[in-house]
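Reviewing the structure listed below.
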Amino acid sequence: NLAQICADEIKKANNIVLLSGAGMSTNAGIPDFRGPNGIYRRQLGVNPERIFDIDYFLEDPSFFYKFHREFLQTLKNIKPTYAHKFFAALEKNGKLKGIITQNIDSLHQMAGSKNVMEIHGGIWKSFCIDCNKTWDYEESMKLVFSQEVPRCDRCGGIIKPDIVFFGEMVKHLEESQKLVKECDLLFVVGSSLVVTPAALLPRLARGKIIIVNKGETNKSYLPSNIPTLHVEQDIDEFFKAVNYHIGLD
Ligand code: OAD
Ligand code: ZN
């Protein structure tokens, strides 16, 4: 049974790292991108991948902001999933050394995880794309909900949240690479593994890899010389079954 196998791997491991993607948060009510009800499946009249395209943002920031207001509303009412809490508990008991997340929903931190690399940035900070003035979360929320496109009060520039768009550099890449290189067990949870450089991180693993992801999962970047287990089950249901054999609280 896969949950039993996974539990045994966790018991053997001393340095676990998690790479998480949008599928980790669908059970919290946040849609993913490429799953059956994903954001990129929406019929918007234009390619929905433009929401996070930096060139398109500079051309028409209102397109992103329409989507972003909806996302921020959703965020107000959500809680971490079972799986988020499971990985927070694994860190607390000393086995898990870090989480590399592609998500900007901050649910890992809400669940109590400490060492979280938000490689696609987050919503904590916003800045003016012209003069670099920054705003914290609370201040930027006011601006986002009072203007169609929030603008800088100093220079009139467009305000952009510190989320990594297509065409921009990811954050904490070196630290993330180091975490993966040093771990003896890498979990890849809720990611289609199509967006690089995040999808290239598992190549650096030297221990074992356990992928927990339903639906299409791109395997082409995975290392061929590392034992890899792919669990195609619901994330929360699977980790509940795993914890049955481990008993973290
Ligand atoms: P994707 O939406 O590409 O992949 C999420 C995966 O999770 C899909 O394969 C789903 O089938 C699977 N999934 C969803 N819910 C699940 C569940 N409850 N149990 C098991 N599997 C489930 O999301 P990411 O790989 O995170 O970047 O996408 C990577 C990046 O693409 C995002 O960070 C975002 C996006 O463009 C930027 O915006 C820069
Ligand atoms: Zn400015």
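Overview of results
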quantity: Which listed residue, of V144, V149, is β-branched (V, I, T), assigned to a helix (DSSP H, G or I), closer than 22 Å to F71 by Cβ and within 16 Å of ligand 2 (Cβ to nearest atom); calculated: V144
quantity: The lone exception for T196 - which of (1) exposed (fewer than 14 other Cβ atoms within 10 Å of the Cβ); (2) in contact (Cβ under 8 Å) with a residue 60 or more places away in the chain; (3) part of a loop (DSSP other than H, G, I, E, B) it fails; calculated: (2)
quantity: Test: residue in the stretch 168-179 that is hydroxyl-bearing (S, T, Y) and surrounded by fewer than 17 Cβ atoms within 10 Å (Cβ to Cβ); calculated: no
quantity: Enumeration of residues in the stretch 124-138 that are free of Cβ contacts under 8 Å to residues at least 24 places away in the same chain, away from ligand 2 (no atom under 14 Å from the Cβ) and either surrounded by 20 or more Cβ atoms within 10 Å (Cβ to Cβ) or of a type outside the set (D, E) (or both); calculated: Y137
quantity: Selection within the stretch 72-123 - touching a residue at least 12 places away in the same chain (Cβ under 8 Å) and over 22 Å from I16 (Cβ atoms); calculated: L72, T74, L75, N77, I78, K79, I104, G121, G122, I123
quantity: Single residue of the stretch 221-241 satisfying the filter (polar (S, T, N, Q) and in contact with a helix residue (DSSP H, G or I) (Cβ under 9 Å, 6 or more places away or on another chain)) that is surrounded by the most Cβ atoms within 10 Å (Cβ to Cβ); calculated: T228
quantity: Among the residues listed as K114, K178, the single one being away from ligand 2 (no atom under 16 Å from the Cβ), at pLDDT 95 or above and part of a helix (DSSP H, G or I); calculated: K178
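Every residue, every condition in (1) more than 16 Å from ligand 1 (Cβ to nearest atom); (2) among the hydroxyl-bearing types (S, T, Y); (3) within 15 Å of the chain's Cα centre (by Cα), yes or no:
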residue: F63; (1), (2), (3): no, no, no
residue: F67; (1), (2), (3): no, no, no
residue: T81; (1), (2), (3): no, yes, yes
residue: K95; (1), (2), (3): yes, no, no
residue: I119; (1), (2), (3): no, no, yes
residue: S140; (1), (2), (3): yes, yes, no
residue: R151; (1), (2), (3): yes, no, no
residue: I158; (1), (2), (3): yes, no, no
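The values are calculated or read from the model by the stated rules, or taken from the named source; none is laboratory data. Quick caveat, the model's predicted, so the values are computed rather than measured. Note: ideal-geometry Cβ built from the backbone for every residue, glycine included; neighbour counts use all protein chains shown.
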